[in-house]
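To keep things clear, I will list the structure first and then write my remarks on it.
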Amino acid sequence: AHIKFDSSKLTAFVNDHELAEIQPMVQAADQELRQKTGAGHDFLGFVDLPVNYDQAEFARIKQAAAKIQQDSAVFVCIGIGGSYLGARAAIDFLSSSFYNIHNERQVPEVYFCGNSISPNYLADLLAVIGERDFSINIISKSGTTTEPSIAFRVLKAKLVEKYGAEAAKKRIYATTDRAKGALKSEADAEGYEEFVVPDDIGGRFSVLSAVGLLPIAVAGIDVDQLMQGAADARSAYAQADVQQNDAYRYAALRNILYRKGYTIELLENYEPNLQYFGEWWKQLAGESEGKDQKGIFPASANFSTDLHSLGQYIQEGRRMLMETVLMIDQPRHDVEIPQEADNLDGLQYLEGKTMDYVNKRAYEGVVLAHTDGGVPVMSLHLPQQDAYTLGYTIYFFEIAIGVSGYLNGVNPFNQPGVEAYKKNMFALLGKPGFEKLGQELNQRL
Ligand code: PA5
């Protein structure tokens, strides 16, 4: 079974003719994407990546993962944004809820860092590693991003202290540009094993490249299945017709809704291991679409947890929200609600039912309540929580967001706005070349 997009609850919000009206625009967006005639066409490598990737490197990723599994108790992934979120989302999605303390796969603990500038976090991580064997994957396309660069220095110093300079180099895996950047130069000079972020793949579209694949493989996940799922999705979402192509129908509907004032989209789940999938999606959607003073604002929520916090707002607050629910049809486990002699807690009516049964009724109840409250709700049903389905789902959103950006008239594949804070930070830190801006900013502070 494949993933299934359900837009049947939108009847009160979108008329059938609206989909028909947007079809020619979807057609045009699809052409821009497939024929590489649209803005940002240098970054369309993700479209064919599931069937067009470096097989030799793919094999090397598996070998490196096997080596790391053998010689490391802890694996540290250093990266931020597109060089972080995909691997984190995939490993969380496909692993035990407590994988670093209880892992059925007998693989190294996996920790992520370099995704903040928090000294607390890094100091705590060093303590967690302790005296144990560990390896590092430093992931940075540009090779110059401040957060991962700082974390790398700190972790590298610990490696050198523990193993000595030469042996430390054998425990560092660098995923970066094939030709340029500080990390590339360092990796060449020091002889780290290198993996490539392809030129035509932007950070937020890179999870199925070495960026995501090495950490995912180290976590014991079947990367062949992951790629196969994405490859099958590529075939399934190859038509421009929104009635045939679920990913494009999703893209079209969220644009129709956006134009009616539903300017915020909440991606929701009912499984805590999907929380980071939401984080990955927020970068994918937000960085692709939020520009030129427009775009859907992507947010996420984890249910039923957030029904007890955000639920009130969603039900009755300002009417600008639309929802897309990720629903796992068959969770990795199910738990039966046990019998009790008395009915002191009032739960007798659920005895013998499973938690998944309750979760599904919660979902159905919420969909109807929110629909009645004036919130358009779409759902994406994922048959299982496995690598194949995840690959399929990743591709669904990547292709949908690409088309969605074109539908709203932006370049979905650049991110000029990410630079603004960086320039200021460099100036305030006194980085060479930023002296004048530094003076100006310091006067304003
Ligand atoms: O999508 C993007 O461009 C960003 O989120 C980057 O992925 C992030 O800034 C990390 O960049 P880099 O991989 O160059 O270190």
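Could you list, ordered by first residue, the pairs with Cβ atoms under 7 Å in which the first is in region 308-320 and within 10 Å of His370 (Cα to Cα) and the second is of a type in the set (Val, Ile, Thr) and surrounded by 11 or more Cβ atoms within 10 Å (Cβ to Cβ), at least 6 apart or interchain?
Close Cβ pairs satisfying both conditions: Ile314/Val375.
Anything in region 84-105 that is β-branched (Val, Ile, Thr) and within 12 Å of Gly220 (Cβ to Cβ)? List them, or say none.
Passing the criteria: only Ile91.
Val128 - would you say it is among the aliphatic types (A, V, I, L, M), at pLDDT 95 or above, more than 16 Å from the ligand (Cβ to nearest atom) and crowded, with 19+ Cβ neighbours inside 10 Å?
No, not satisfied.
Quick one: Ala64 ticks every box in (1) surrounded by fewer than 17 Cβ atoms within 10 Å (Cβ to Cβ); (2) part of a helix (DSSP H, G or I) bar one, so which box is it?
Of everything listed in (1) surrounded by fewer than 17 Cβ atoms within 10 Å (Cβ to Cβ); (2) part of a helix (DSSP H, G or I), Ala64 misses just condition (1).
If Val51 meets every condition in (1) hydrophobic (A, V, I, L, M, F, W, C); (2) over 26 Å from Ile399 (Cβ atoms); (3) more than 16 Å from the ligand (Cβ to nearest atom) apart from one, which number is that one?
(2)
Which condition does Arg319 not pass, out of (1) surrounded by 22 or more Cβ atoms within 10 Å (Cβ to Cβ); (2) over 30 Å from Glu194 (Cβ atoms), if it passes all the others?
(1)
Please tell me if Asp386 is under 30 Å from Asp334 (Cβ atoms), modelled with pLDDT of 95 or more and touching a His at 6+ places or on another chain (Cβ under 9 Å).
When the stated conditions are applied, Asp386 does not pass them.
Give region 275-325 a look and list any residue that's closer than 15 Å to Val367 by Cα and among the charged types (D, E, K, R), or say none.
Asp306, Glu316, Glu323 - these are the residues of region 275-325 that are closer than 15 Å to Val367 by Cα and among the charged types (D, E, K, R).
Could you grab the pairs with beta carbons closer than 9 Å, sequence gap of 6+ or different chains, first residue in region 281-292 and at negative phi, second one in a helix (DSSP H, G or I) and at pLDDT below 95?
Filtered contacts from region 281-292: Glu287/Gly417; Glu287/Val418; Gly290/Gly417; Lys291/Pro416; Lys291/Gly417.
Looking at region 335-357, I want the residues that are more than 21 Å from Gln385 (Cα to Cα) and have a partner that is small (Gly, Ala, Ser) and part of a loop (DSSP other than H, G, I, E, B) with Cβ atoms under 8 Å, at least 6 apart or on another chain. Which pairs are those?
Ile337/Gly352; Gln339/Gly352
Can you name every residue in region 98-112 that is touching an Asp or Glu at 6+ places or on another chain (Cβ under 9 Å), closer than 24 Å to Ser83 by Cβ and without any contact (Cβ under 8 Å) to a residue 60 or more places away in the chain?
Asn100
Name the single residue, out of those in region 76-113 being among the β-branched types (Val, Ile, Thr) and within 16 Å of the ligand (Cβ to nearest atom), that is nearest to the chain's Cα centre (by Cα).
Going through the qualifying residues, I end up with Ile80.
Let me confirm something: among Ala165, Ala157, Ala182, which residue is touching a Ser or Thr at 6+ places or on another chain (Cβ under 8 Å) and surrounded by fewer than 18 Cβ atoms within 10 Å (Cβ to Cβ)?
Unique residue meeting the criteria: Ala182.
Lys36 versus (1) assigned to a loop (DSSP other than H, G, I, E, B); (2) within 16 Å of the ligand (Cβ to nearest atom); (3) closer than 30 Å to Val410 by Cα: which is the lone unmet condition?
Every listed condition holds for Lys36 apart from (2).
Report every pair of residues separated by at least 6 positions or lying on different chains whose Cβ atoms are under 7 Å apart, first residue within region 204-221 and polar (S, T, N, Q), second within 15 Å of the ligand (Cβ to nearest atom).
Every condition considered, the pairs that remain are Ser206/Gly82; Ser206/Gly86; Ser206/Val197; Ser206/Gly212; Ser209/Val197; Ser209/Pro198; Ser209/Ile201.
So that you can scan it fast, the table gives a plain yes or no per residue for (1) within 11 Å of the ligand (Cβ to nearest atom); (2) more than 17 Å from Leu85 (Cα to Cα); (3) in contact with a helix residue (DSSP H, G or I) (Cβ under 8 Å, 6 or more places away or on another chain):
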| residue | (1), (2), (3) |
| --- | --- |
| Leu122 | no, yes, yes |
| Ile136 | no, no, yes |
| Lys156 | no, yes, yes |
| Ala182 | yes, yes, yes |
| Asp188 | no, yes, no |
| Gly202 | yes, no, yes |
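List pairs: first in region 27-50 and over 20 Å from Asp241 (Cβ atoms) and crowded, with 17+ Cβ neighbours inside 10 Å, second at pLDDT 95 or above and aromatic (Phe, Trp, Tyr), Cβ under 7 Å, 6+ apart or cross-chain?
Gly40/Phe413; Phe43/Phe413; Phe46/Phe205; Pro50/Tyr395
Testing Phe413 on (1) within 27 Å of Ile80 (Cβ to Cβ); (2) part of a loop (DSSP other than H, G, I, E, B); (3) more than 19 Å from the chain's Cα centre (by Cα), one condition comes back false. Which one is that?
Failing condition for Phe413: (3).
For Ala387, only one of the following conditions fails: (1) in contact with a Gly (Cβ under 9 Å, 6 or more places away or on another chain); (2) under 21 Å from Ser300 (Cα atoms). What is its number?
The one condition Ala387 does not meet is (2).
Is it true that Ala90 is under 19 Å from Phe205 (Cβ atoms), out of contact with any Phe, Trp or Tyr (no Cβ under 7 Å at 6 or more places or on another chain) and either of a type outside the set (Asp, Glu) or not in a helix (DSSP H, G or I) (or both)?
Considered against the rule, which asks whether it is under 19 Å from Phe205 (Cβ atoms), out of contact with any Phe, Trp or Tyr (no Cβ under 7 Å at 6 or more places or on another chain) and either of a type outside the set (Asp, Glu) or not in a helix (DSSP H, G or I) (or both), Ala90 comes out as yes.
Against the definition (under 20 Å from Val211 (Cβ atoms) and either in contact (Cβ under 8 Å) with a residue 24 or more places away in the chain or part of a loop (DSSP other than H, G, I, E, B) (or both)), how does Ser149 come out, yes or no?
When the stated conditions are applied, Ser149 passes them.
Among the residues of region 306-315, are any in a loop (DSSP other than H, G, I, E, B), more than 16 Å from the ligand (Cβ to nearest atom) and within 23 Å of Ala89 (Cβ to Cβ)?
Checking region 306-315: at least one residue is in a loop (DSSP other than H, G, I, E, B), more than 16 Å from the ligand (Cβ to nearest atom) and within 23 Å of Ala89 (Cβ to Cβ).
The values are calculated or read from the model by the stated rules, or taken from the named source; none is laboratory data. In this text the structure is predicted, and so the values were computed from the model without any measurement. When we count neighbours, we look across all protein chains shown, and the Cβ atoms used for this are built from the backbone with ideal geometry, even at glycine.
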